[in-house]
Amino acid sequence: MPNHARVTKSVLRTARKTTRRQDYSSSTKRALLESATTLFTDHGYAGTSLDEVVAAARVTKGALYHHFPSKLALFESVFFRVQEATANDVEKAINASKDPWERAQIGLEKFLEVCREPQFRRICMQEGPVALGHERWAEAERASSFGIVQRTVDDLLADLGGGGELNEAFGAVFYGAIRSASEFVADAEDPEAASEHVQAAIGTILAGLRLLPSID
């Protein structure tokens, strides 16, 4: 067999082995994240042990530490994974309409719907501030959702003829209102009723804003 053919076969064997290792590593990480998500949702950060995570994922402790150096690192990955999925869902819902006022209402309804889901409510709203610290949690939340709120507000003000220097201020006000509303819904004994009250309150604010002749 020519030397170049042997080299080619060797390279292909190495590539196949590398791909299998990468696939195994990816599936292991995914299993850990999925198991941790379920456990953090059901038992919270303090109530979940790494032993429970590896048992549920059916992997070794060494495999866990290969991907996550600590329980906090694992929780942080779960937190960002859930948060990113939520932001994508809200964006997708908003993009279903071209009318800025309808988009704002759809976005609010979708976000409040997510706040009622046990996984998001427990991991992102209740456990996040405790595990990550309030400052880190607030920073992560702002990075995830503030952009959506600001773009929505910019579209509303543009429909009213502008906004100019007020755009950023309006964005901060609405972001603060929605953030407080999400905590209100997440902590409520009856999240469904709390969500309906929030939608009514913010809907009234939007209706009043829409009646303004213009914003310069």
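The values are calculated or read from the model by the stated rules, or taken from the named source; none is laboratory data. All values reported here derive from a predicted model rather than from experimental measurement. Note: ideal-geometry Cβ built from the backbone for every residue, glycine included; neighbour counts use all protein chains shown. To get the accessible areas, we keep the full protein, side chains included, count just its heavy atoms, and leave off ligands, DNA and RNA. Shrake-Rupley method; radii C 1.70, N 1.55, O 1.52, S 1.80 Å.
Looking at Arg103, Arg151, Arg136, Arg81 in this structure, which one is open to solvent by 60 Å² or more (accessible area, probe 1.4 Å), farther than 20 Å from Thr37 by Cα and either without any contact (Cβ under 8 Å) to a residue 60 or more places away in the chain or outside the structural domain of Ala188 (by TED's automatic domain parsing) (or both)?
Arg151
Please go through (1) in a helix (DSSP H, G or I); (2) touching a residue at least 24 places away in the same chain (Cβ under 8 Å); (3) open to solvent by less than 40 Å² (accessible area, probe 1.4 Å) for Ala93 and return the number of the only condition it doesn't satisfy.
(2)
Being assigned by TED's automatic domain parsing to the domain that holds Ala93, open to solvent by 50 Å² or more (accessible area, probe 1.4 Å), of a type in the set (Lys, Arg) and free of Cβ contacts under 8 Å to residues at least 60 places away in the same chain narrows it down to one residue among Arg142, Arg122, Arg116; which is it? Walk me through it before giving the result.
Values: Arg122 fails: free of Cβ contacts under 8 Å to residues at least 60 places away in the same chain; Arg116 fails: free of Cβ contacts under 8 Å to residues at least 60 places away in the same chain.
Unique residue meeting the criteria: Arg142.
Which of the residues that make up region 159-216 are in contact with a Phe, Trp or Tyr (Cβ under 9 Å, 6 or more places away or on another chain) and in a loop (DSSP other than H, G, I, E, B)?
Gly163, Ile215
Take Gly162 and tell me if it is out of contact with any His (no Cβ under 9 Å at 6 or more places or on another chain), modelled with pLDDT under 90 and open to solvent by 20 Å² or more (accessible area, probe 1.4 Å). Reasoning before the result, please.
Working: out of contact with any His (no Cβ under 9 Å at 6 or more places or on another chain): yes; modelled with pLDDT under 90: yes; open to solvent by 20 Å² or more (accessible area, probe 1.4 Å): yes.
Against the criterion (out of contact with any His (no Cβ under 9 Å at 6 or more places or on another chain), modelled with pLDDT under 90 and open to solvent by 20 Å² or more (accessible area, probe 1.4 Å)), Gly162 qualifies.
So, Lys98, is that one open to solvent by 50 Å² or more (accessible area, probe 1.4 Å), assigned by TED's automatic domain parsing to the domain that holds Glu127 and more than 30 Å from Asp190 (Cβ to Cβ) or not?
So Lys98 fits the description; yes.
Being closer than 19 Å to Val90 by Cα, free of Cβ contacts under 8 Å to residues at least 12 places away in the same chain and assigned by TED's automatic domain parsing to the domain that holds Glu192, is that true of even one residue in region 163-170?
Looking for residues that are closer than 19 Å to Val90 by Cα, free of Cβ contacts under 8 Å to residues at least 12 places away in the same chain and assigned by TED's automatic domain parsing to the domain that holds Glu192, one finds none in region 163-170, hence no.
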